[in-house]
Structure formats: C-alpha cells, structure tokens
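To keep things clear, I will list the structure first and then write my remarks on it.
What follows is calculated from the coordinates using simple rules that are stated; it is not laboratory data. This is a predicted model, so every value here is computed, not measured. Please note: Cβ atoms are built from the backbone with ideal geometry, for glycine as well, and neighbour counts cover all protein chains shown.
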Amino acid sequence: MIEIKNLNKSYNNQIVLNNLSLVINKGDFISIVGPSGAGKTTLLNILGTIDSFDKNEKTSLLFEKTDLTKLNDKELSSFRNKKIGFIFQFHQLLPELTAKENILLPSMIGKFDYSKSHDNLNKLSSILDINKVLDKKPEFLSGGEKQRVAVARALINNPSLLLADEPTGNLDSDNAKKIQELFKKINKELGVTIVLVTHNEKFSKIARKCLVLKDGKWSK
Ligand code: ADP
C-alpha cells in the first residue's frame, strides 16, 4: 500500500532521517518506538504529508500508486483529507465547535456526501462510545472523551491510513487502555491500516509489528 525508499531529512547540518525505507501493507498495524529525538515524529509527519523531506532522485514515496513526490501543496492537502487520518497527543479539537461539528469538519472540507458522513458518524459514535457527548463543546468533555472524539474525526472520511503520534501520552492509565483497545478494534474490524508512535511499551506491543528507530535509521 505504501512504499518509502531512501527517505532523507535534515535540519541545517543535523541528519534526522538517514536513507530510510519502509513498506506498509494494507491492514498493517505498525508501532514505531525509539529514543527521544530519533526522528519518529518527523517520519510520521512526512508519511502524513504535513512535513517535507530532502529532494533526492533516489527517494520514492508511493501511496496506493500515487507518487507523493510529484504532488503540489494543493494536491497534497486534498490527498491528505481523503486518505489520511491523524491523531496527536493533544486532541486539537476546535473549542467553539461541538464534538459532532469537530468530527464532521474534515468531511465538509473534503465535500464528502452528507448522508454518508452522517451514517459514518453514527457508526463511529457507537464504536467509540461518544453518542452522549456529540452536542457538547470540548471544554465540557473529559480527557478520554476528547481523545475519542479526535479518533472519530480522524476516521470520518474512511481514510486508508491512520497515523497516531503518542495518542495516549496525555491520558490516565484507564483512558489509555480504552484507546489501546479501540485501536485494536479499528484495525481489526474496520480494516484501517495504522502507524503508531508511542513511548508506551504495552501499546507498542499491541501492534502487530514493532519497529525501532534510532538516529534516523531502523535498529534491530
Ligand atoms: P522523536 O519523535 O523521535 O522524538 P523528532 O522527529 O521529533 O524525534 O525529532 C528528530 C530530531 O529533529 C530532533 O533532534 C529534533 O530536535 C529535530 N527537529 C525536529 N523538528 C525540527 C525543526 N522544526 N527544526 C529543527 N530541528 C528539528
């Protein structure tokens, strides 16, 4: 589904990703672990098309046959809206919108079919157990509820790939466990391919494949 070859990224003179390659198959659940500063977030952001990488003729970044190195900014943002869901450590919900409006926002931006998006909203709300909070604004939700709303927002457009950067980093252990179980379900029952960056050892082991990144390279 996704094939990255010879990916490089530097900041000034610091090499952050060093000729990295990665194949992600449809249905994979991959966790990426490694010390702080290893390049995990940078890699996730490049996969999510929100960060750039060093131009190099050997680099290839294929996503379902689309060559991401060839898309301009406008094409990349449309691609991202349709194909990629992102979950961050902090929920990043818009405070002035209700949970429901936050969840539906990516479908409105992408001009997705209204009734299909509502059907998906209903399905996701049941899976994520957020039916009761849909009309509330984020300030009235618990930390766990906010993060589950953020998961629904990431999945509303039925993305092929779900990227998550420390999604339990800001949660207590009960809520973290709930999110971990939901990730399992999202991968197994909805068939969504997941790439997860986490420091939580238990969470990294829930993934079917665990990769270790060190100094911008895969470590064995
Ligand atoms: P990790 O997620 O593994 O902790 P990151 O991908 O966040 O690592 O960062 C890798 C390295 O890149 C770090 O040394 C970090 O300081 C550097 N870095 C990340 N973003 C920037 C930036 N915008 N400008 C300069 N250096 C950066």
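Brief remarks on what is shown
- Net charge of Cβ neighbours under 12 Å - reference VAL33; Lys, Arg +1; Asp, Glu -1: +3
- Restraint check, LYS40/LYS188; LYS83/LYS116; LYS123/LYS184; LYS185/LYS209; LYS146/LYS177; LYS83/LYS137, Cα-Cα greater than 18 Å: LYS40/LYS188; LYS83/LYS137
- Label positions at ILE109 and LYS5, each projected 7 Å from the Cα along the C-beta direction, are separated by 3.2 nm.
- Where Rh is the Kirkwood radius over Cα pairs, Rg/Rh for the stretch 104-176: 0.97
- For the chain, calculated [θ]222 nm from helices alone, where every DSSP H run of n ≥ 4 adds -39500 (n - 2.57): -11000 deg cm²/dmol
- Three-way shape label, the stretch 18-73, alpha-carbon gyration tensor, a/c 1.5: oblate
- Sorting 19-28, 42-51, 160-169 by their mean Cβ neighbour count within 10 Å, with the most densely packed peptide first, gives 160-169, 42-51, 19-28.
- If R0 is 22 Å, the Cβ-Cβ spacing of SER173 and LYS205 corresponds to a FRET efficiency of close to 0.90.
- Between LYS214 and SER60, the contour length at 0.36 nm per residue exceeds the Cα-Cα span by 53.3 nm.
- Here the chain was treated as a single set of alpha-carbon atoms; its pair distances binned every 5 Å from 0 give 1, 7, 15, 19, 20, 16, 12, 7, 3, 1, 0 percent.
- Relative contact order (percent, whole number), the chain, Cα cutoff 8 Å, 6+ residue spacing: 32 percent
- Partners of LYS70 within straight-line reach, counting aspartates and glutamates whose Cα lies under 14 Å from its Cα and excluding those fewer than 8 residues away in the same chain: ASP54, GLU57.
- Using 0.36 nm per residue and subtracting the Cα-Cα separation, the extra length available between ASP73 and PHE90 on full extension is 3.6 nm.
- Applying both filters, DSSP loop and at most 11 other Cβ atoms within 10 Å, to the GluC sites (Glu not before Pro) of the stretch 111-220 gives GLU189.
- Three-way shape label, the stretch 130-209, alpha-carbon gyration tensor, a/c 1.5: oblate
- For the stretch 1-83, applying the loop criterion from DSSP together with a ceiling of 16 other beta carbons within 10 Å to the GluC sites (Glu not before Pro) yields GLU57, GLU64.
- Peptides 114-120, 98-104, 150-156, 88-94, ordered by how many other C-beta atoms sit within 10 Å of their residues on average, highest first, read 150-156, 98-104, 88-94, 114-120.
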